[in-house]
Structure formats: C-alpha cells, structure tokens
Amino acid sequence: MKLEIDSFSGAKIYPGRGKLFIRGDSKVFRFHSSKSASLFHQRKNPRRIAWTVLYRRQHKKGIQEEVSKKRTRKAVKSQRGIVGATLDVIKERRSMKPEARKAAREQAIKVGKEKKKEQEAKKKADKAKNVTKAPISKQQAKGNVRR
C-alpha cells in the first residue's frame, strides 16, 4: 500500500482518497481534502496555517522527545600554570596574606630601582670615559669644518 503525502498540509493520503491537481508546467500536487486544495489555490502559506505539518514542524509542536530535554555538559574547570609560573607558585601567591603580598611587592620594587640606578651609573661612567677622549662635534665628524 503506497501512501502519498498532501502537497499543502503534509498529511498522509491513503489509496482511493484525495484529489490530484496537475499544473500547466506538469507539476503534480496531491490533496487529501478539499480544504487543503482550496487553501493551496488561494495561495496561502502552509507555514502560517496552524494545523499543517509544516507549521507544527516550524514551531516545534508535538515532538515526542520534548519530555527528555537534552543534557548540557558543564565545562570542568582545571587550573594550569602560566608561562613563567607553575601551579604551585600561583596557589602559594593566592594564599598569601595581603600584608605579606604588599611587603614582597615593595621589596621587588626596591630591588628593581637599585638595579636601574646601577645601570644608569654604569652608563654615566662609560659616557664620561668616551667624552674625555676627544670632543668631536657632528661637523667635525663629517669633515665639513671651515678653517
């Protein structure tokens, strides 16, 4: 037994039932009732008519799996180390008290400033050594000096 499907509503058409409509371009349309045939000829959109299969599918009506909703997996959070710091170091710093953290920060700043001072002093010493050799102006270096 071959079941046809209604071209408008999507309902099943059993043998010996319904109407057949063949358009001028030889396209075949099958209707299970005069109601669906009439609406088709009025050029109604089956997606806007509530009792059609297309409407029900579009609006997610009558789906059996509606009872058991899909489970969503929760992302499992895992902590990892960052470049330059292992997980142990990160945990240790998190558990530090604010006062200890502040003291460590100030100590690090102090060390950084001392290092910077040393570098600047070294730069000045190198510059002073180079200056004592011979004071040459830009013009002299280029060789454009008038005498």
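Out of LYS12, LYS2, I need the residue that is open to solvent by 100 Å² or more (accessible area, probe 1.4 Å) and within 27 Å of HIS59 (Cβ to Cβ). Which one? Before the answer, list the steps.
Values: LYS2 fails: within 27 Å of HIS59 (Cβ to Cβ).
One residue alone meets the criteria, LYS12.
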Right, LYS138: over 28 Å from ALA11 (Cβ atoms), at pLDDT below 90, basic (Lys, Arg) and open to solvent by 70 Å² or more (accessible area, probe 1.4 Å) or not? yes
Could you list, ordered by first residue, the pairs with Cβ atoms under 6 Å in which the first is in segment 113-132 and exposed (fewer than 10 other Cβ atoms within 10 Å of the Cβ) and the second is not in a helix (DSSP H, G or I), at least 6 apart or interchain? none
Considering only residues of segment 50-76 that are modelled with pLDDT of 85 or more and more than 30 Å from ILE5 (Cβ to Cβ), which is most open to solvent (accessible area, probe 1.4 Å)? ARG73
Going by the conditions given, is PHE21 outside any helix (DSSP H, G or I) and open to solvent by less than 100 Å² (accessible area, probe 1.4 Å)? yes
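The values are calculated or read from the model by the stated rules, or taken from the named source; none is laboratory data. On a predicted model such as this, the values are computed, not experimentally measured, just so you know. Cβ: placed from backbone, ideal geometry, glycine included. Neighbour counts: every protein chain shown. In case anyone asks, the SASA skips ligands and DNA or RNA and just uses the protein heavy atoms, side chains included. Shrake-Rupley method; radii C 1.70, N 1.55, O 1.52, S 1.80 Å.
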